Structures are given as C-alpha cells and as structure tokens.
Amino acid sequence: MSDDALRRAYDLATEYLEHVGTRPVGARTSLESLRSSLAKPLPDDGVDPDRVIEELARDAEPGLVANAGPRYFGFVIGGGVPVAVAADWLTSAWNQCAGLYVVSPAASVVEEVAASWVCDLFGLPKSAGVAFVTGTQMASFTALAAARHAVLARAGWDVEARGLFGAPRVHVVLGEEAHTTIFKALRLLGLGSGDVVRVPVDRQGRMRAGALSDALRRLDGPTIVCAQVGNVNTGGIDPVGEIAEITRPRGAWLHVDGAFGLWAAASPALRGLVAGVERADSWVTDGHKWLNVPYDSGIVVIADRESHAAAMAVGASYLQRAESETRDGIDWGPELSRRCRGFAIYATLRSLGRRGVAELIESSCALARRFAERLVAVPSVEILNEVVLNQVLVRFAPPNGGDRDVFTREVISRVQAEGTCWLGGTTWQGREAMRISVSGWNTTESDVDRSAAAILDAASRRDR
Ligand SMILES: *Cc1c(COP(=O)(O)O)cnc(C)c1O
C-alpha cells in the first residue's frame with residue numbers, strides 16, 4: 001500500500017491548479033507525441049504507484065486543456081471550484097456505491113439533501129424525483145423515459161412491461177434548435193429521432209410559441225414537448241411559461257433542457273428570463289458546466305415521482321432494501337453501481353450558498369456582456385446574438401475585404417494557436433461564428449480584457 005502515490009497526486013494536482021492560469025490554454029502537443037509518451041507497453045510486472053502517478057502527470061500535461069483556468073471559453077465547460085474538487089477527492093477515497101441506502105447510508109442521505117437543495121434553488125416542486133447522473137445527456141434520457149411512461153400510461157399502455165411494439169404512437173415536438181442530446185435520448189428510448197415534429201425558432205434560436213400551438217393542434221394522442229432554456233450557441237431561452245400554458249391543457253408532457261440555462265432560475269436577477277419554468281414536468285441540468293463541479297455531474301428533476309419511479313425503479317432479490325423511507329439511488333437513475341455524485345454538489349451548494357450561486361451565474365453573464373462590448377467596439381466585429389446569458393457569438397470581417405466565413409474561421413484558429421485563451425466556432429443560422437462561453441468560476445474582468453485584446457489582435461492581422 002502506497003499512500004505516497006496519494007500524497008504525490010495531491011502535490012501534483014495543487015501545483016497544476018496553482019499554475020493553470022499562466023500556461024497556454026490549449027493543448028501544446030500533437031497526437032503522435034502524446035501517443036509516443038503515453039502508449040507504453042503494458043508491463044508484465046507492475047510499476048511502482050508513485051512513479052506511475054508522477055509519469056502520468058508528466059506525460060499527460062502537454063495534452064491537457066486548461067479549462068480549470070480562467071481563460072477557457074470553449075463549448076460550455078466549467079472549471080472546478082476548490083470545494084467541489086476537494087469533495088470529489090473524498091468521493092474517490094471513500095469509494096461509496098451510491099445505488100442503495102444499505103451500501104452507503106451517507107451517500108443516500110447526502111444525495112437526498114442535495115436533491116432538496118437543487119429543487120429549492122431552482123424553485124421546482126419539493127416533491128419531485130431527482131437523480132444524479134453523468135450529464136445532461138443521461139438526465140434527458142431519464143426524464144424522457146418518465147415522460148414516455150406517463151403519456152403511454154394515460155393512453156392505457158404499460159410501456160415498461162410491453163415495450164413499444166404495438167404501442168400507441170408517441171408524438172415528440174421540439175424546437176428546431178433542440179440540442180443533439182435530445183435526439184440521442186429519443187433514439188435510446190425507442191422513440192426514434194427521425195419523426196419528431198420540429199417547431200420553427202426565432203433569430204436567437206428560441207421556439208416560437210405560436211408555431212408550437214399550431215403544431216399541437218394538428219396532433220392527437222400521447223405527446224411530449226421538449227423546450228430549451230439556454231441555447232448552446234446564443235444562450236437564447238424558449239418562452240417556457242407560454243409553452244407550459246400551451247402544453248398543459250393538451251395533456252402533453254413538457255421537458256426542459258436547461259443544461260446550463262436553468263441556472264438562471266437560481267439568480268433573483270435572472271429568474272425572469274425563465275419565468276414559468278416551474279410549470280414543466282421535467283428539467284435537466286449540469287453541475288459540471290455552470291456550477292463548476294468536476295465531471296461528471298448531471299441532474300434530472302421530475303415532478304411526477306410515480307412516473308419517474310415507474311421508468312427507473314428496479315428490483316432483484318439480492319439488492320437488499322432498507323425498510324423505511326430511505327432513498328435508493330437505483331430507483332431514480334439509469335445506473336446501478338456508480339460514484340456518489342451528490343457529495344460534490346452538496347459541498348459546492350453549501351459552500352456557495354444561495355447568494356454565492358447567484359453571484360457565480362450573474363458574474364459570468366456580466367463578463368460575457370463585457371466581452372461583447374470590448375469586441376464590438378471595433379467596426380469589423382459583429383455580435384450575432386443578444387447576450388442574455390454567458391454566450392457570445394462573434395463574426396469578423398477581414399481587414400482587406402473578403403469572405404467573412406473564411407476569415408472568422410481563420411481568427412478562431414489564430415486565437416487557439418496563440419494561447420492566451422481558447423474558444424471554438426460554430427455555424428449560426430448559416431453564418432460562421434466564434435463561440436465564447438464564460439462558464440468558469442475564476443474568470444475575472446482582466447481575463448476578459450486580455451482575451452478580447454488577443455482576439456482583436458488576431459482579427460487585425462492580414463498575414464496568414
Ligand atoms: C451541454 C448541453 C447538453 C449536454 O450536456 P452533457 O452534460 O454534455 O451531457 C445538452 N443540452 C444543452 C443545451 C447543453 O448545453
């Protein structure tokens with residue numbers, strides 16, 4: 001037993017975090033060189049744990065991306081608030097299996113408490129079912145399984161027992177801008193992704209409520225509607241309150257993908273953006289994005305506990321259950337054995353408090369607006385979205401004229417290569433754009449100013 005490896009890992013991890021803000025943000029190596037340093041032959045006789053950790057850290061380092069640092073603006077990716085990383089270390093050391101109360105009473109109760117805090121924070125029903133899953137992908141899978149159960153049960157069909165062969169047709173309605181994970185969840189659930197009804201969106205990618213109303217009028221029978229709060233490109237938020245008003249009287253299940261945007265509900269200043277969100281049937285979000293909890297951390301909340309349990313609960317004689325009203329994780333999520341994701345969420349919410357969570361969210365939004373202001377001050381720069389949350393879409397005109405799509409892509413690769421910050425690109429409604437997502441807990445105004453300056457510098461260079 002070598003606790004030296006643990007101590008060494010602690011030193012290496014804290015050293016890494018201490019300097020992560022000063023290293024180039026993107027990876028600094030090639031595929032070949034990573035392979036040549038990491039693809040060692042599997043040894044017949046084991047290697048000393050201490051040395052394995054030391055060399056893993058050394059060999060992986062050039063291929064690490066500094067999203068734990070303050071100037072990573074790619075995708076929608078958080079860092080890790082120190083308290084969350086600390087709780088995550090304990091999670092590994094304790095190695096609790098969070099599936100059953102009898103296997104880990106502490107894991108069960110911590111997740112029970114974390115679940116109630118999550119509902120409280122977002123203003124969702126206290127009686128809702130909650131599960132801690134890998135990410136929003138599996139959260140939507142879980143929620144849509146409950147939705148599938150509920151809408152088919154109302155049509156007199158037991159989908160858990162009989163599957164979908166011969167079942168009444170389930171209509172799935174979603175906005176043109178629904179996230180790719182919704183389609184995958186539908187595929188996994190046997191609902192298919194090809195026959196969904198797509199509702200047109202506006203220029204920010206928000207579902208048009210009127211068009212949803214028209215679409216629903218043409219449909220009959222079991223129906224699931226998927227709305228989105230926080231478009232992955234624009235941050236645009238579907239009018240969920242209005243959508244709930246339309247879906248309710250028709251008995252449709254309303255699912256809300258709020259992978260990052262649902263966190264607006266945790267801020268008194270931003271809550272108005274998602275007004276009415278509590279009237280949906282299911283909600284999904286990530287801890288590993290805006291809450292800055294380490295991977296993996298997804299959360300699903302389902303108002304109808306019965307449908308949630310009907311879709312997820314399992315039984316097997318060897319899985320001993322505690323007698324009273326304890327929480328067994330296996331009844332709420334798709335997994336059996338898993339780590340206790342609730343520890344990190346519990347520690348983070350307790351450490352930040354309501355006010356700290358609100359400040360984290362509001363400060364990212366303020367920094368995103370600052371980013372947009374800095375960039376748009378230059379005439380050749382265009383901001384394509386209304387900066388309502390933490391997302392900014394930027395487009396560049398070449399200094400000597402020419403194609404904006406080509407030049408925008410060029411600016412993105414120059415910025416990635418230069419290393420002050422890292423961000424990616426997208427195609428937004430037919431036009432190439434740079435995507436900036438301010439999601440890290442440790443980003444400051446000066447990080448934004450430095451990054452904006454690096455971007456403007458890349459956009460002002462004529463050379464290739
Ligand atoms: C990131 C994201 C997802 C997927 O979340 P994962 O945690 O990566 O599974 C789904 N929907 C939206 C809107 C997202 O931004």
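Every number in this text was worked out from the coordinates using simple rules, so none of it is lab data. Owing to the predicted nature of the structure, the values given are computational and were not obtained by experimental measurement. When we count neighbours, we look across all protein chains shown, and the Cβ atoms used for this are built from the backbone with ideal geometry, even at glycine.
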Query raised in the report: Given only helices, namely DSSP H runs of n ≥ 4 each adding -39500 (n - 2.57), what is the per-residue ellipticity at 222 nm of the chain, to the nearest 500 deg cm²/dmol?
Result: -13000 deg cm²/dmol
Report summary line: Relative contact order in percent for the chain (Cα pairs under 8 Å, 6+ apart) equals 22
Report summary line: Straight-line reach check, K184, cutoff 19 Å on alpha carbons, 8 or more apart in-chain or any other chain, hits among aspartates and glutamates -> E176, D195, D257, D286, D296, E335
**Report entry** Cα centroid separation - segment 239-293 against segment 388-464, whole Å
**Finding:** 29
Query raised in the report: Looking at segment 131-177, which trypsin sites (Lys or Arg not before Pro) are in a loop (DSSP not H, G, I, E or B) and have at most 14 other Cβ atoms within 10 Å?
Result: R169
Report summary line: In the neighbourhood of V76 defined by beta carbon distances under 11 Å, the net charge of the other residues (Lys, Arg +1; Asp, Glu -1) is +1
Query - Relative contact order [Cα under 8 Å, 6+ residues apart], segment 177-247, whole percent - result: 31
Requested in this report: Could you pull out every one of the lysines with an alpha carbon less than 25 Å from that of K126, ignoring same-chain neighbours closer than 8 positions?
Outcome: K289
Query raised in the report: Which order do peptides 72-79, 207-214 fall in by mean Cβ count within 10 Å, highest first?
Result: 72-79, 207-214
Query raised in the report: Relative contact order, percent, of segment 88-144 when contacts are C-alpha pairs under 8 Å separated by at least 6 residues?
Result: 16
Report summary line: Per its Cα gyration tensor (rounded if a/c is under 1.5, else prolate when a/b beats b/c, else oblate), segment 1-160 is best filed as prolate
Report task. Report the trypsin sites (Lys or Arg not before Pro) located in segment 322-365 that are in a DSSP loop and have at most 15 other Cβ atoms inside 10 Å of their Cβ, or state none. Result -> none
